[in-house]
Amino acid sequence: MNIAFRPFEEKKANKLDSTRIAGKLVNDYWEMVWRAKDEGKLVCWYEGSAINPFLEAADICWVHGEAYSAMLAARHQEGTAQRVAEERGYLRELCSYARTHLGCAVSNQRLRGDNAGAAPDEDDLTWKLPAPDMIISAYAYCSTGQQWDEMTSRVFGKKVPIFNVSIPWIWGAKPDAGYLRGEEWEETSDYVARQLRDMVKFIEERTGKPYPWDRLYALMADIRRASELRLEAMELCTAQPAPASFFDWVVSIAPINNLPVPGVKQYFETVLEEVKQRVRDGEGTVPDEKYRLFFDGIMNWNKVGWLANKFARWDAAVVAGRYTHMAFWQEPGLIDPNDPVRGMAQNYLICPNNHAAPILIELIMGLCRKFKVDGMVIHASRTCRAFTNPQFMIAEAAHKRLGIPTSMFEGDVTDESFYKDELLNSRVEAMLEAIEARRMVAA
Amino acid sequence: MKQHVMGVDFGSTTAKTVILNLAGNIVAHSVAHMGAVSGNGVKHSMKEALDLAGLAQSDIGRTVSTGYGRRMLDEADRNYTEITCHARGAVAMVPDARLVIDIGGQDSKVISVDSNGLVAQFAMNDRCAAGTGKFLEVLARAMEIELEEMGAVALQAAQKLKISSMCATFAETEVISLLAEGHSKPDVLGAVHKAIATRTLGLVGRVGKKGPVVMTGGVARNPAAVHYIQEELQMPLVLPQSPQIAGALGAALIGLDDYRAENRHLLISDQEDMAHEEQMAADKACIPGCRGVPEFAVDPREKQPVAGKAKAHASTESHA
């Protein structure tokens, strides 16, 4: 008798080739950020909502906290920042995006600021973020978001000017409430739009120049088109086999969410063309598509490629997800390129966690039906409870309304110590076995 | 065709083996303490079950493994998760069960099964040893009591105490401080079991409460765990005779299905056999002496085929 680990059959995800371009765009963008001070640019730190076009139009360098933390995690360079943040006193169960980013802020202060004389390691990205000249706090759904901005402000000695945009939760409680409709929707849209116009005044004060509205209009016209291309490519994944996966759309988040707008439209044109070609060729995102799954949950940024390959080995195409399909300028039709502010406010309002449960769940069920999924895999992120809170309700709805099994595993956005491989294996494999058993009975 | 199949539950704390005959009856089973790295427990469990059945591994037609070490067993032809296997085993033990509560060494799980006995939904402990056999094991050590005695002592609890932490390490601290405050062992142990029951009810809530409820896994042998879970659930628990072997039984049953399907051509039912016999008689195509031979397979344990069977084969072949 031999006891030895027998590995899975080796299969790899058939990732979209075009997403490699995203890697280059991401690298170019962060190089630009690291040079910003040398080039005399003002730097704005922000978290959450994609206010970057407002900043890009005004030639202000923008630093999105989650994006930097995610980039570090994707490069497996998050450890130092997280350790520095813990040493500073931030709890391990604080949002790991925030903890990583705060670790970067603290490192920046030590090496660029008050600890003059320390020699930075050029290969260590922890300290390289340029310190903020302003902070804009514009976070939907996440109570930690504002506290994160406040902590950042403290790290920099409370000397950095802050502008606050309040993005209210959509309660959906009034009789006429629904997705993109009703009195509450119109009122909150106006409320956020007014604050965005005030935010522009704050930007004018910081730059000392009149705000270049025409540049914002041009950028938003491009974003609208890029979003349409992205959604069209996603829609094509209703095909069987699915030509691209949730993980391809995860890799494509940075281009739509926080990279410089020039280049983004072309990126999604290339992606769409490749997806179309795959549909014509009957080429799938996994070598042997046997199951189609929905992914509910935010991403484990340390494990994007690894998870993509894992699901490929299970012959499971993860065809859609809440994180990718219900966020990131997902309603381009709301953006009027000649007057985009209200449409931008509305896109900030419909971030996937900012809806009351009935609306959120109905949107998810709609995606599951559209993409004809056999099951739902749920990633409960330990330090992102905003995303995780409604997941039991979502699982119950999938079970009762769609009759599909669900499987939940715990992990995290950027702290991989919360992730346990065997727990994921057991749970997802059990769900796939349940799907298989049902198919056998049905046959 | 071989006459037996095997299911092995390669768990974290114990290894369980079940051997079935082709009619699905348990011929032998064994439970052994595990050494997860060496695999000694699983080797011991398999050998003991084979010895009890008077069989060798080569007599087994299909071996299916489950549990955390399911992919580590060379003898296994296939492996399935413990969710699928526990559901299958529990429903075989209690045919009308709709909910399975399984508390094993490393994890606790609640599985709802549909009217076909298939997994409808499941929930498991999502972190550490919260609410598992390991939790009890750690606290038994802290309280210097044998694991097997814990349940009986806990049932003597007179005062309701509360242990809030589900982390085994922190719960140990709470237990020690309760003892230091002068609380009795039975009262503290009652609180330990109540904590497990509360945790289990949380999992039940995630898949939906329905009955009959069957409890499997090693903790089902602990009367206090059963008592407190029933109290929280406000429903009776059905306890199989050997709750620990549910996963191994389920694995063996899946193996049996698989083996039967693969050898369907060799498994002729009495009804089919007699229909064939009657057809041959009607056709007057059968030569004398071939009547009454039930099957064509030769038992591999028989070194010399019995004359009748050999004759039957010869007759059939010549007839063919």
Next on the checklist: Going by what's in this entry, would B:L237 be described as modelled with pLDDT of 95 or more and in contact with a helix residue (DSSP H, G or I) (Cβ under 8 Å, 6 or more places away or on another chain)?
Outcome noted: yes
Item to check | Which numbered condition A:M299 fails, given (1) surrounded by fewer than 24 Cβ atoms within 10 Å (Cβ to Cβ); (2) modelled with pLDDT under 95; (3) among the aliphatic types (A, V, I, L, M) | outcome: (1)
Checklist entry - Just wondering, is there one or more residues in the stretch A:59-71 that are in contact with a helix residue (DSSP H, G or I) (Cβ under 6 Å, 6 or more places away or on another chain), away from chain B (no Cβ under 14 Å) and more than 24 Å from A:P161 (Cβ to Cβ)? => result yes
Item to check | Residue selected from the stretch A:134-168 under the condition assigned to a loop (DSSP other than H, G, I, E, B) and at pLDDT 95 or above, by the criterion surrounded by the most Cβ atoms within 10 Å (Cβ to Cβ) | outcome: A:V165
Item to check | Selected residue [modelled with pLDDT of 90 or more and more than 30 Å from B:S65 (Cα to Cα)] from B:E231, B:E272, B:E174, B:E278 | outcome: B:E231
Item to check | Count of the stretch A:291-312 residues which are outside any strand (DSSP E or B) and within 17 Å of A:C368 (Cβ to Cβ) | outcome: 2
Next on the checklist: Can you tell me which condition A:L72 does not meet? The list is (1) in contact with a Ser or Thr (Cβ under 9 Å, 6 or more places away or on another chain); (2) without any contact (Cβ under 8 Å) to a residue 60 or more places away in the chain; (3) of a type in the set (A, V, I, L, M), and all the others hold.
Outcome noted: (2)
Next on the checklist: If I filter the stretch A:268-290 for residues that are modelled with pLDDT of 95 or more, part of a helix (DSSP H, G or I), over 17 Å from A:R20 (Cα atoms) and among the hydrophobic types (A, V, I, L, M, F, W, C), do I get at least one hit?
Outcome noted: yes
Next on the checklist: Considering only the stretch A:349-372, I want to know if a residue exists there that is within 14 Å of another protein chain (Cβ to nearest Cβ) and either in contact with a helix residue (DSSP H, G or I) (Cβ under 8 Å, 6 or more places away or on another chain) or assigned to a helix (DSSP H, G or I) (or both).
Outcome noted: no
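Per-residue answers, yes or no, for (1) more than 10 Å from every other protein chain (Cβ to nearest Cβ); (2) assigned to a strand (DSSP E or B); (3) surrounded by fewer than 19 Cβ atoms within 10 Å (Cβ to Cβ):
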| site | (1), (2), (3) |
| --- | --- |
| B:S58 | yes, no, yes |
| B:T63 | yes, yes, no |
| B:A76 | no, no, no |
| B:T84 | no, no, no |
Checklist entry - Just checking, which of B:L118, B:L147 is assigned by TED's automatic domain parsing to the domain that holds B:A220, touching a residue at least 12 places away in the same chain (Cβ under 8 Å) and either of a type in the set (K, R) or in contact with a helix residue (DSSP H, G or I) (Cβ under 8 Å, 6 or more places away or on another chain) (or both)? => result B:L118
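Need at least 3 residues that are surrounded by fewer than 22 Cβ atoms within 10 Å (Cβ to Cβ), within 14 Å of another protein chain (Cβ to nearest Cβ) and at pLDDT 85 or above per element, so show me which strands (runs of 3 or more DSSP E) inside the stretch B:93-151 make the cut, counting only ones lying wholly within it.
In the stretch B:93-151, no matching strands (runs of 3 or more DSSP E) lie anywhere.
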Item to check | helices (runs of 4 or more DSSP H) lying entirely in the stretch A:383-443 (those with 2 or more residues that are closer than 30 Å to A:Q146 by Cα and at the interface with chain B (Cβ under 10 Å from one of its Cβ atoms)) | outcome: A:391-397
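The values are calculated or read from the model by the stated rules, or taken from the named source; none is laboratory data. Predicted model, so just to flag it, every value in this text is computed and none were measured. All Cβ positions, glycine included, derive from the backbone under ideal geometry; neighbour counts span all protein chains shown.
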